[in-house]
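Just so it is clear, none of the values below were taken in a lab; they were calculated from the coordinates. As the structure is a prediction and not an experimental result, all values here were calculated from the model. Here Cβ is always computed from backbone atoms with ideal geometry, including for glycine, and neighbour counts include all displayed protein chains.
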Amino acid sequence: MSVFDDIDTLPWSQLHYAYGPATDVPSLLKALMFPEQVSDDLAGQAEKAGRTVFEHVTWTLWGNVFLRTHFLAL
């Protein structure tokens, strides 16, 4: 049994993050775990942003949090 077995059954459209509804979060998490299965769309988004897929996914999921909370460590 994988951690990702039931990930698509969660109500992602009811959850929100910095970019709105979290409907893309399952594919972003899967991209971190299975980079060889990344969609062409996600790879294109990363390339357009000048990042690797890993960098792009990490920024999308957590970069916004780090950007806005770095002052807490000061």
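Taking 0.36 nm per residue of separation and subtracting the current Cα-Cα distance, fully stretching the chain between F4 and R51 would add 14.4 nm.
Could you please report the charge total around P35, scoring K, R as +1 and D, E as -1 over all other residues with beta-carbon less than 15 angstrom from its beta-carbon?
-3
Annotation: amide H of Y17 within the under-5 Å range of A22, sequence separation 5 or more or interchain, hydrogens built in the peptide plane. Could you please report the charge total around K48, scoring K, R as +1 and D, E as -1 over all other residues with beta-carbon less than 13 angstrom from its beta-carbon? Net of charged neighbours comes to -3.
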